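Okay, structure first, notes after.
The values are calculated or read from the model by the stated rules, or taken from the named source; none is laboratory data. Every value quoted in this text rests on a predicted model; they were computed, and no experiment measured them. No Cβ is skipped: glycine too gets one built from the backbone with ideal geometry, and neighbour counts run over all protein chains shown. Accessible surface is based on the protein model in full, side chains and every heavy atom, while ligands, DNA and RNA are left aside. Shrake-Rupley method; radii C 1.70, N 1.55, O 1.52, S 1.80 Å.
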Amino acid sequence: MHFLINCNRFIQDLNVAVVTIIVLIGTISIKWMSRKHATHFVVVGRKTSKLPFAAQINWYRNGSALIHDAYKKFRDEVVQLPATDRQSIILPLRYLIEVSALPHSIASVSQATSDFFMGRWTTLHVGIFGRPTLDAIRSQHISRLSRQLDVDWRPIAVHPAILSIISQTGMRTIVGPEVCRQSWCLKNSTGYARNVFMAATILKFTPAFLQPLIFVLTPYIYRIQFYRHRFFKAIAPYIRQRIELHNCYSDHSLSRPKTEHAHTLDWLIHYSPPDELTPEIIADRLMGVAFGATHTTTNHITNCIFDLAANFEQWAPPLREEIEQFIGSKKTGITSADLSNMWKLDSFMKEVQRLHPPGKLSVNRTAIKSFELSTGEKIPSGVHISFPGAFISLDDSQFKDAKTFDAFRFERLRKDPNTNQHGLRFTSSYAGSLHFGHGRQICPGRFLGSALSKLLIIEILQHYDMKLENGKVRPESVLIGDMIIPNTNYKVLFRSRQ
Ligand code: HEM
């Protein structure tokens with residue numbers, strides 16, 4: 001999973017002193033760096049200089065191009081990327097079914113996420129995404145979203161505005177209204193995510209034997225601890241209260257949360273085994289859920305707004321017509337059924353994601369133990385594996401005019417009786433659409449992410465018109481390694497609906 005953060009802050013926030021120390025120490029460890037690339041798979045884009053961090057910098061700047069190159073030249077072969085911190089292998093599509101069926105104990109998405117964010121140091125350890133967290137997310141429904149976007153006819157920087165709404169509405173579904181309305185709460189989950197990202201980036205540039213030193217020196221780790229501590233202090237009394245309530249039932253199945261009012265917190269308590277029912281463990285997992293939910297959903301909604309604004313006259317009228325048909329003037333009580341009846345909106349979301357997915361690599365796993373693919377290829381333990389999902393989605397073998405944005409493409413496919421219907425809904429997946437992952441470890445929060453995105457776009461379409469500034473085209477995303485981040489500064493013009 002790829003959780004994406006404000007790039008400008010990233011550059012400003014880079015601590016010069018720490019970087020200098022890393023560079024100095026790094027010169028001593030060139031040898032250590034080069035031994036990482038020894039495997040029998042074809043390695044793409046290896047010809048970087050031997051200077052310290054050359055491979056890392058090349059990956060951060062050109063990761064997307066390297067993956068694209070690999071896809072074009074070796075689409076039917078297993079290739080190795082010039083990974084910065086781990087051995088990273090891209091698999092051809094023929095392995096999708098077998099790999100996506102592997103259990104956590106053999107190839108784990110949680111471990112891949114934790115590795116990606118250097119979880120050993122940044123607190124995003126694999127246990128955060130353990131079974132109870134995943135079950136809690138899957139069981140949860142959101143009751144309703146609060147209305148918070150309050151804008152007049154003016155340019156609005158989309159990403160920060162959506163981030164603040166999603167942080168709050170996300171936290172509302174995770175911990176409930178009492179906590180999410182407290183003023184610190186909003187900044188807490190974004191601050192935590194930003195500092196995890198920063199710390200992970202610095203640690204990825206650091207040889208393993210020096211990581212304990214950098215761990216002590218970098219300020220981001222202390223900030224991560226600060227955000228965790230503040231969250232824990234505020235949430236612990238609620239957790240204790242809920243655990244006590246849960247313990248009142250000798251038959252715990254009776255304490256099953258009432259769907260409509262339950263928060264992730266309630267579901268987590270419901271699913272956690274008794275020895276894990278402590279405020280510390282529950283708070284830890286709640287941080288993990290907030291981390292998983294916030295930036296993925298914010299980035300998707302930002303992309304939706306960019307694509308809407310770029311061609312508002314073309315896409316808004318049919319979407320508004322559909323909203324009118326299924327929701328009308330309903331202010332509250334929009335149901336999941338209403339949302340799933342709106343095929344145009346669903347198709348629009350999927351098409352936005354097809355062209356602007358969260359990352360270039362999909363179905364990410366870390367091999368927990370060595371295993372063999374059906375063709376006999378050996379995947380060693382600890383290796384990262386994935387599929388080039390972003391490029392598959394842009395391949396003409398998968399879609400007609402694959403490079404063109406066609407908002408209602410998936411609606412048409414769903415209505416076509418001759419099309420294989422599998423994977424055409426926004427939250428479902430197939431080879432052409434791997435952006436929530438695939439198989440038994442697919443994103444557990446995709447229904448919540450989809451509902452939050454749809455409700456917010458409905459709200460905006462009902463009340464606002466939007467456009468890009470004259471002559472402007474949709475802003476390009478920022479590419480860092482295999483991550484894709486929508487432009488976080490870009491302003492779209494909004495006005496009250498005419
Ligand atoms: C549009 C919004 C979202 C997108 C695009 C998205 C995307 C993803 C992707 C690509 C993965 C990795 C799957 C893989 O590589 O196979 C993932 C995993 C995950 N997502 Fe999401 N996600 C979204 C929303 C959410 C939300 C709202 C939550 C929480 C409520 C969430 C929680 C998680 C968790 C916990 C994992 C790790 C699963 C595991 O370890 O087994 N996601 N997500």
Yes/no for P357 being buried (at least 23 other Cβ atoms within 10 Å of the Cβ), within 30 Å of L186 (Cβ to Cβ) and within 16 Å of the ligand (Cβ to nearest atom): yes
Segments classed as helices (runs of 4 or more DSSP H), wholly inside the stretch 40-154, with at least 1 members that are within 22 Å of the chain's Cα centre (by Cα) and modelled with pLDDT of 85 or more: 54-73, 96-100, 109-116
List, please: which pairs have Cβ atoms under 6 Å, are six or more places apart or on different chains, and start with a residue in the stretch 169-184 that is of a type outside the set (V, I, T) and more than 14 Å from the ligand (Cβ to nearest atom) and end with one that is open to solvent by less than 40 Å² (accessible area, probe 1.4 Å) and not in a helix (DSSP H, G or I)? G176/H263
Result of the Cβ filter at 8 Å on the stretch 435-454, keeping first residues that are farther than 19 Å from L268 by Cβ and partners that are open to solvent by 20 Å² or more (accessible area, probe 1.4 Å) and charged (D, E, K, R), at least 6 apart or interchain, is F436/R446
Report yes if A236 is closer than 23 Å to S183 by Cβ and of a type in the set (G, A, S), otherwise no. yes
Hey, could you check the stretch 99-118 for residues that are within 14 Å of the ligand (Cβ to nearest atom) and over 14 Å from I442 (Cα atoms) and say which is surrounded by the fewest Cβ atoms within 10 Å (Cβ to Cβ)? S105
Might you check whether a residue that is open to solvent by 40 Å² or more (accessible area, probe 1.4 Å), away from the ligand (no atom under 13 Å from the Cβ) and hydroxyl-bearing (S, T, Y) occurs anywhere in the stretch 422-444? yes
Of all the helices (runs of 4 or more DSSP H) wholly in the stretch 276-384, which have at least 2 residues that are β-branched (V, I, T) and either modelled with pLDDT under 95 or in contact with a Leu (Cβ under 6 Å, 6 or more places away or on another chain) (or both)? 279-310
Look through the stretch 289-320, keep the residues that are touching a Ser or Thr at 6+ places or on another chain (Cβ under 6 Å) and within 20 Å of E178 (Cα to Cα), and return whichever of them is nearest to the ligand (Cβ to nearest atom). V289
Quick one: how many residues across the stretch 401-422 are modelled with pLDDT of 95 or more and part of a loop (DSSP other than H, G, I, E, B)? 8
Name, by its number, the condition in (1) within 14 Å of the ligand (Cβ to nearest atom); (2) among the hydrophobic types (A, V, I, L, M, F, W, C); (3) crowded, with 18+ Cβ neighbours inside 10 Å that does not hold for I458. (1)
Just checking, how many residues over the stretch 295-327 are acidic (D, E) and either open to solvent by less than 10 Å² (accessible area, probe 1.4 Å) or touching a residue at least 40 places away in the same chain (Cβ under 8 Å) (or both)? 1
